[in-house]
Structure formats: structure tokens, C-alpha cells
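K.L.:
After the C-alpha cells below, expect a handful of questions from me.
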Amino acid sequence: MTTGGWEIVRAAVEQRIGGAAFEAWFRGLDGVLEGETLVLRCPDRFTRDWLRSRFGQTIAECAPEARAIEYRVDPGAAAARAARAEPVETRDESLPTAESLGAQERLFERFVVGPGSALALEAARAVARGDAGRCNPLFLVGGTGSGKTHLCRAIHDQVGSAALYRSSEEFTTEVTEALRAGQMPRIRQRYRRQANMLILEDVQFLAGKRATQVELFHTLDHLMAHGRTVVFSADRGPSELDELDPKLTSRMASGLVARIAPPETVTRRAILSERAARGGVRVPDECLELLAERELCSVRDLIAGLNQVVARASLLRAPITPELVAQALDAVDMPGRARSLDEIVGETARAYGLTPESLRSRSRKQLVVRPRQVAMYLARRYTHASLADIGRAFGRDHTSVMYAIDVVERRIVERPQLRYELEALAARVSGSRPSRSASGSTRGTRPT
């Protein structure tokens, strides 16, 4: 069997397993006959294990000329595969950078607006354009997953390096370390003179941090006096943050307080429809209604339901029906045991044939970037760690974690292979068993 013979085998496999699974696992897979052994060049250990366990019997039956099948892990195959597919995004090492105006606007456009979020969106757009006016400071209020971070990122992406974007935990760490080292002038120079805008998220976490609150109050006074723009976010409004200094909360509330209410059913349906359409997935109207009718605390939970449905349909190679939606929602609404960050990193590293140290490294190789993004996503889903905590576990800041989560959530809908990978990893992390779309032992195979 030559390379051309492998094309015949691939065509036979596609007929057996269907288009979705074929696109995910076989479109970029290389195979060649070495003697009487069919060698499949797998880009990583995860792909090797999945092919062997899920499709091994099918491959063997479609390749009668081969007396044995070898699944060979060949990192070089990843580059060849990547050349035939979309490039892996690797911008996870630093703060978001300003891109073209069109790209910047797309981040705002991806925010599906409803009656409860229209004011926040328009205020954020005005701040990003430099027309803050009476919106300064802008205080965004909403629960977890409501869209505060989305708007903060959209503002920062449009403003670029002229804005400092920090979580309250990061700001506190900087101030605390500077106080201990006697380097407060350097911190004040950075926040009060070098930046034209300060974006500070989750200010409710400043509770009990007296020295940080004092520093922030004077920084805010300085920035406002010099016409600079400030954006805050929190899960409660300034008047509800009883743990913070009243002088500070009064200053925070002196501009516009824009609340982001949980989306009503119509908006939830629009969010689901937009996300599915962006991923090229058709979800019947009655299924969208079932997903949209769930009473949820956040948009993130809403998207999690859609991701579960799409993943289940791909794994079972089944159409999206109301019955499948009901099964998927039973699974996603089932509470899982919280795991530690070390467990998440370890499981992810093992699945991809890497070490925990490599996931925590500064490497930007494609073979490391995607597993790192997946690990961050799983950490957010299966632990109680904050974005800053997850960032520290990987030697990065919270914006890198937000970017990684956004990439994974988007690709779950767009890319079939990632659905398989996350299903298997989520099963390991949560302790449940993954759905199986194909089974059977592989004739004539051996581990490599």
C-alpha cells in the first residue's frame, strides 16, 4: 500500500464513520505502508490513543492489505497537519494587543445585546472611542459570566497599550510587593503617569486590603484630575460594596454605573443562535428554545449548555434533537467535584504526552499552546480558582487566562476534534466515563 493506497483507506473509513468524525481525525492524518505494516503518523499521544481505541477496528477492516497497524507519535506530523488546517492561535503570553479597527469592533459586535445590557455596551463603546465624558469613571456591574470581562477586553483591545488592564488581585500584589520593597514611586509612575486609561476588574476583591484601597483612591483622584479614563467592574454596585472605604466607593460611583442584567429568554436565544452560527453548527429552533428557557446565572453557563449539546452530537454522530438536548443538559447541570489546579495540569499533560512543567513554561510551540489553553479552560470549569489564581499556576496574568478560555469556548463549537478531546479530558477530570462513538479492539495494532 502506497501513500495513494492510504487515500483509498481514508475514503473507506469516511464512509464508515461519517463526515464529522472524519473531519476531526482523518482529514490531516498521514499514513504509509512500510512492508506489511500500515504506519499512521499521529501528531501527539492523545490523537494516537483516540484513534487506536475508537477507530482501530474500523481502520483495520478498511486496510485488508496491512497485516499490522502501527500508531506512531510523530510531532513533525503536527506541522504538516497544521499546514492543511487553520493555524493554532498562540496569543496567550501577554495582555491583548490592539489589532485593526475591524478586529477591534468584532469583539464589541460579538457581545449580544439585550434590554439589560444595552447601556453597558454603549458606555463601553464610548469609552473605547475616547468619548467617555460623564461615563468616567465607568463602573460595570454584573454577576459571574454576565459579560463584564468581555466589555473590558473589548475596550482594552481598541485602546491598546495606552491602557493598563489589571485584576484587583494583580493590582493588590503589585502594591503589596512595592510597599515591602520600598518601590512605591515606581508603581505610582506606572499607574498615574504612564497610562491614559486604567481598567480594573473585580474590585469587590479589594475588601480587607486597606493599603491597596488607599493607594487606589489617590491613583483614581490623580487620573481623574488629569483627564484620564478609568473603568471598574464588580459583582455589585459601589454603594453595595460595604467592605470598601466609603470615600473610594463614592469616587467610583461619580461617573456612570452600568448594570448588566441576566439575559432574558429572547436575548439568551440570540446569544445561542449567534454562537452556533459562528461555529457553522445548525441547531433546530425547538432545540434553541429548550436551551434558552433554562434559568441560569450567567452567559457562561448558557454557552456551556450549547457546548455540551454540540459535543454530544459529534461524539454520538447523532442529529441535534430535543431528546439529545435533554440528555446533554442533564449531564451539564449535574454538579461535579471541585478539583485542584495541580490535578487539572497533570491530567491535561498526561493526555497530550507532555509534562506539567511544559504547560507552565513560556513555550509558544503549537504542541504546547493548545494543551495549555485546554488546561486553563478546564481549571476554570472544574476548580474554584479565580482567573488570577489560574494565571499564577501557569506563570501568566488573568488576561492570558481569559483569552485561552475564549479560544477554547469558541473552538468547541467550530472544531470537531476539540470536542472529542475535551469530552475525554472532562471525563478524566470529573471522574465520569466519556461517551463512545466507536469501539472495539484494533486488529494487529501495537503501542508505540
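K.L.:
Against the definition (under 12 Å from the mean Cα position of the chain (by Cα), under 19 Å from P356 (Cα atoms), crowded, with 18+ Cβ neighbours inside 10 Å and at pLDDT 50 or above), how does V407 come out, yes or no?
P.N.:
Criteria not met by V407.
K.L.:
Scanning for something farther than 25 Å from F22 by Cβ and not in a loop (DSSP other than H, G, I, E, B), does the stretch 409-419 turn up at least one residue?
P.N.:
No, every residue in the stretch 409-419 fails to be farther than 25 Å from F22 by Cβ and not in a loop (DSSP other than H, G, I, E, B).
K.L.:
State yes or no: is L198 assigned to a strand (DSSP E or B) and at pLDDT 90 or above?
P.N.:
yes
K.L.:
If you scan the stretch 25-49, which residues turn out to be of a type in the set (K, R) and surrounded by fewer than 19 Cβ atoms within 10 Å (Cβ to Cβ)?
P.N.:
Once the filter is applied, which keeps residues that are of a type in the set (K, R) and surrounded by fewer than 19 Cβ atoms within 10 Å (Cβ to Cβ), the stretch 25-49 yields R27, R45.
Residue by residue, here is whether (1) crowded, with 22+ Cβ neighbours inside 10 Å; (2) among the small types (G, A, S); (3) not assigned by TED's automatic domain parsing to the domain that holds L121 holds:
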| position | (1), (2), (3) |
| --- | --- |
| D131 | no, no, no |
| C135 | no, no, no |
| G142 | yes, yes, no |
| A154 | yes, yes, no |
| S161 | no, yes, no |
| S167 | yes, yes, no |
| T176 | no, no, no |
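K.L.:
Considering the stretch 178-225 alone, what residues qualify as being under 30 Å from the mean Cα position of the chain (by Cα) and more than 21 Å from L241 (Cα to Cα)?
P.N.:
Selection gives R190, Y191, A195, N196, M197.
K.L.:
When the residues of the stretch 249-268 are narrowed to those that are more than 30 Å from the chain's Cα centre (by Cα) and without any contact (Cβ under 8 Å) to a residue 40 or more places away in the chain, which ends up surrounded by the most Cβ atoms within 10 Å (Cβ to Cβ)?
P.N.:
That would be T249.
So that you can scan it fast, the table gives a plain yes or no per residue for (1) of a type in the set (V, I, T); (2) buried (at least 17 other Cβ atoms within 10 Å of the Cβ); (3) assigned by TED's automatic domain parsing to the domain that holds T144; (4) at pLDDT below 90:
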site	(1), (2), (3), (4)
I303	yes, yes, no, yes
R317	no, no, no, yes
A328	no, yes, no, yes
D333	no, no, no, yes
T355	yes, no, no, no
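The values are calculated or read from the model by the stated rules, or taken from the named source; none is laboratory data. A quick note: this is a predicted structure, and the numbers were derived from the prediction, not measured. Heads up, the Cβs are rebuilt from the backbone with ideal geometry, glycines too, and the neighbour counts pull from every protein chain shown.
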